[in-house]
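Okay, structure first, notes after.
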Amino acid sequence: MASVIYNSYKANIESIGWATTDKIKVMLVTSDYTPDVDNHKYKSDVTHEVSGDGYTAGGEEITNRAMVEDDTNDLAKATADNVTFKDVSITARGAVIYHDTGDDTTSELIAYLDFGADQTVTDSDFELQWDENGIFTIA
């Protein structure tokens, strides 16, 4: 499955501030989760979040976010600090980025990032190292 931006985020981009004080989080999912860009809108639509020693359900907050204008390529790219899940034992296939409202039924989905294969760590840190060209881009 390719990485995607959920359609509901595209439609509501003005109300979910990537580069504001809104709480944006990332959670890890297993290979059993299949994103549906048309019908998955909220965190409550996401199934198969990873579980394992040290992993906190709901994931981690993404910090130091910015939306960077790229006039050369005519797009905007979302950037942020890398996210580390400390001392975990998990197997993850992808990551779901979402706007955390504190209620799974109103926490809007932003993007799904596919790792391309299962990634497994045992009693170790799991770090999401964002691409230097942006976590995702909007053209």
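Has the stretch 67-82 got at least one residue that is within 15 Å of Gln119 (Cβ to Cβ) and polar (S, T, N, Q)? Within the stretch 67-82 (the criterion being within 15 Å of Gln119 (Cβ to Cβ) and polar (S, T, N, Q)), the answer is yes, since at least one residue qualifies. Taken over the stretch 40-66, the criterion of being open to solvent by 70 Å² or more (accessible area, probe 1.4 Å) and closer than 20 Å to Gly134 by Cβ is satisfied by Glu61, Asn64.
Could you list, in sequence order, the residues of the stretch 30-64 that are touching a Ser or Thr at 6+ places or on another chain (Cβ under 6 Å) and without any contact (Cβ under 8 Å) to a residue 60 or more places away in the chain? Walk me through how you get there before you give the answer.
Residues of the stretch 30-64 touching a Ser or Thr at 6+ places or on another chain (Cβ under 6 Å): 33, 41-44, 48, 50, 52-53.
The answer is His48, Val50, Gly52.
With the requirement that a residue be hydroxyl-bearing (Ser, Thr, Tyr) and open to solvent by 60 Å² or more (accessible area, probe 1.4 Å), what does the stretch 92-131 give you? Step through it out loud before you land on a result.
The initial filter retains those residues of the stretch 92-131 that are hydroxyl-bearing (Ser, Thr, Tyr), namely 98, 101, 105-107, 112, 120, 122, 124.
The answer is Thr101, Thr105, Thr106, Thr120, Thr122.
Working carefully through the options Val37, Val26, Val83, Val50, find the one that is hydrophobic (A, V, I, L, M, F, W, C) and modelled with pLDDT under 95. Going through Val37, Val26, Val83, Val50 in turn, just one is hydrophobic (A, V, I, L, M, F, W, C) and modelled with pLDDT under 95: Val37.
So for the stretch 11-23 (the condition being in contact with a Lys or Arg (Cβ under 7 Å, 6 or more places away or on another chain) and open to solvent by less than 20 Å² (accessible area, probe 1.4 Å)), does at least one residue qualify? Yes, the stretch 11-23 has at least one match.
Scanning the stretch 67-80 for residues that are exposed (fewer than 13 other Cβ atoms within 10 Å of the Cβ) and of a type in the set (D, E, K, R) turns up Glu69, Asp71, Asp74. Being under 12 Å from the mean Cα position of the chain (by Cα) and modelled with pLDDT under 95, is that true of even one residue in the stretch 67-78? Scanning the stretch 67-78 turns up at least one residue that is under 12 Å from the mean Cα position of the chain (by Cα) and modelled with pLDDT under 95.
The values are calculated or read from the model by the stated rules, or taken from the named source; none is laboratory data. None of these values were measured; they are calculated from a predicted model. Counting neighbours? That spans all protein chains shown, and the Cβs are built from the backbone with ideal geometry, glycine included. To get the accessible areas, we keep the full protein, side chains included, count just its heavy atoms, and leave off ligands, DNA and RNA. Shrake-Rupley method; radii C 1.70, N 1.55, O 1.52, S 1.80 Å.
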